[in-house]
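Inspection log for the structure reproduced underneath, given as structure tokens.
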Amino acid sequence: MDIVFSSTTQLAAAIQAGHVSATEVLKEHLAQIDAHNPTLNAVITLDAERAYERAREADEALARGEHWGPLHGVPFTLKDAHATSGMRTTTGFPPLANYVPKVDSAVTARLKAAGGILIGKTNVHVMLADPAQSTNPIFGRTNNPWDIERTPGGSSGGAAAALASGMTAFEIGTDLSGSIRIPAHFCGVFGLKPTEQRVPLTGLIPGLPGPRPVRIMSCIGPMARTVEDLALLYAIIAGPDGRDTEVAPVPIEEVPQLELKHLRIAFAPTFPGFPVAAEIRAAIEELAKQLAPLCAAVEAARLPQGDFNQELVRAGEMIGMMLGAFQPEEQERPTTLAHYLEALHIRDQSMLAWEQFFDEWDVLLCPPSMMTAFPHCEPGSPLHVDGQEVAYWMVSAHGTVFNYTGHPAVVLPYRLDRVGLPIGIQLVGKRWSESCLLAMAKALSEVASAFQRPPGY
């Protein structure tokens, strides 16, 4: 058994069956961190002593016939934005460099209650403010295991790099502007951005004063090396926690078995006005061609009417309104309540237009980003897509559309580009339909491809 590249589901089953102990699984993951983290700088806080203590307790519990839950004895890391009791949580922000929460976030608590063993935290961009790179003044820069001269994405870049290199069995990212999906695409792993307000944000970015400003668009979701693991982890972390009052008590349904022959699939090699690399465009078209004889319908998408670039502007404005609400002196135009409500009204129209689109189609295939992993650069610097200079922040455009509307989206690895970098595919579905979306992702992943281990790991 290749422990560090086994899926979470496989590891949990092997531990439960007694084929391997939780202590052995932990030891292998810590060895992988020792071997590769100095190059990648993905894991930035580690508590091996406490993890070993918990692993021994997990083994002793099994010997007594106790089973903690579906993650019993499985080691994991967490993005350094989730509150972890007794373990430093910085969000890459210097004023929080030594902040140690006293309580776990809702997500952390649920993973531990399910039997998972927390071993450390992974690097982020400072205050999660960049979906394309993961660097901050405290811990520096994280590198992509496929090419250390390139970015693993942001702000869940440390999470994706650790997962792709076998340092952790799974991760939980956050996504306000593609921050689960871009790292998954850049590093060749799977990621799910759930419907907005599916997973409680309680304990996300702890240690800051005042009420939380971001109450919409931001999501927490799982990252893994299989769709089955995404489904397992999503079922553990989703649902009301009694503290985040905006998480609706919508049932978390089991993932059904779906056959491709019943699916209606729309595909879009890009969105109007959004640049995209020719290889990514070709990958979307190639997958659609593969699926055409297998599905009920596969057609080029007739996308909702509207100005997609303007949607991006509106998404950015909404984020700015929320973040600037408690710093009006830093805003050129301080946000009024009327201005914010008008922005919500406009957003509603976009949400409804996409819901009508998904009344006709089961899933949309589209790019997760305009490009594959790019060389490290100063954040905000122009990027180059097929030789054309493009604004830096367009890297997250294809993902931000669905933060703005709140729709769930999965990224799954498809193939490698001409220089050996992963290309992912983004699958988008109707709001609140994660179970069906994951079922479709599983069916499509059998036609696309499985996780590939980066060379040298």
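The values are calculated or read from the model by the stated rules, or taken from the named source; none is laboratory data. Treat the numbers as computed from the prediction; the structure is a model and nothing was measured. Backbone-built Cβ (ideal geometry, glycine too); neighbour counts: all protein chains shown. Surface accessibility is based on the protein's heavy atoms, side chains included, excluding ligands, DNA and RNA. Shrake-Rupley method; radii C 1.70, N 1.55, O 1.52, S 1.80 Å.
For the residue pairs Lys193/Lys261; Lys112/Lys261; Lys27/Lys102; Lys112/Lys442; Lys79/Lys442; Lys121/Lys430, the C-alpha atoms sit more than 29 angstrom apart in Lys112/Lys261; Lys121/Lys430. Considering only alpha-carbon pairs that sit under 8 angstrom and 6 or more positions apart, the relative contact order computed for segment 182-339 is 20 percent. With the helix formula -39500 (n - 2.57) applied to DSSP H stretches of n ≥ 4, the chain reaches a computed 222 nm mean residue ellipticity of -10500 deg cm²/dmol. Dividing the convex hull volume of the alpha-carbon atoms in segment 108-264 by its residue count gives 140 Å³ per residue. Each part gets one Cα centre, and for segment 30-77 versus segment 370-419 those centres are 33 Å apart. In whole percent, and with a 1.4 Å probe on the protein chains, what portion of the accessible area of the chain is carbon and sulfur? Roughly 54 percent of what the probe reaches on the chain is carbon or sulfur. Shape analysis of segment 403-457 yields a ratio of the Cα radius of gyration to the Kirkwood radius, Rg/Rh, of 1.06. Working note: Cα gyration tensor of the chain, eigenvalues times five, square-rooted, sorted largest first, giving semi-axes of 31, 26, 22 Å. On a per residue basis, the chain carries 38 Å² of accessible surface, using protein heavy atoms and a 1.4 Å probe. For segment 46-119, the direction-averaged projected area of the alpha-carbon convex hull comes to 4.8 nm². Counting every C-alpha pair in segment 205-292, the share spaced more than 22 angstrom apart comes to 58%. When the P(r) is computed for segment 173-327, the part past 27 Å accounts for 38% of the Cα-Cα pairs. Packing here is the average count of other Cβ atoms within 10 Å per residue, and on that basis the peptides 165-174, 2-11, 306-315, highest first, run 165-174, 2-11, 306-315. Please grab the % of Cα pairs in segment 243-315 that end up more than 13 Å from each other. The share of Cα pairs beyond 13 Å in segment 243-315 comes to 76 percent.
Divide the volume of the convex hull around the Cα atoms of segment 344-457 by the residue count and you get 145 Å³ per residue. Work from the charge dipole of the chain (Cβ charges, +1 for Lys and Arg, -1 for Asp and Glu, about the Cα centre) and give the residue of Val247, Val43, Ala160 farthest towards its positive end. The listed residue farthest towards the positive side: Val43.
When Rg and the Kirkwood Rh are both derived from Cα coordinates, the Rg/Rh ratio for segment 276-430 amounts to 1.01.
Computed from Cα atoms alone, the Kirkwood hydrodynamic radius reported for segment 284-336 is 14.7 Å.
Peptide packing for 367-373, 379-385 was compared via the average number of neighbouring C-beta atoms within 10 Å per residue; ordered from the highest value, the list is 367-373, 379-385. Along each principal axis, taking the top coordinate minus the bottom one, the Cα set of segment 141-191 gives 25, 22, 17 Å in descending order.
Dimensions of segment 5-68 from C-alpha coordinates, computed as largest minus smallest value along each principal axis and given longest first, are 40, 23, 15 Å. Each peptide among 120-132, 139-151, 423-435 gets the average number of other Cβ atoms lying within 10 Å of its residues, and from highest to lowest they stand as 120-132, 423-435, 139-151. When the Cα positions of Thr400, Cys366, His384 are compared along the charge dipole of segment 357-420, His384 comes out farthest toward the positive end, with charges on each C-beta of Lys, Arg, Asp and Glu. For segment 201-249, the Cβ-based charge dipole about the Cα centre amounts to some 180 debye (Lys, Arg positive; Asp, Glu negative; other atoms uncharged). Computed about its Cα centre, the charge dipole of segment 326-457 is approximately 520 debye, with only Lys, Arg, Asp and Glu carrying charge at their Cβ.
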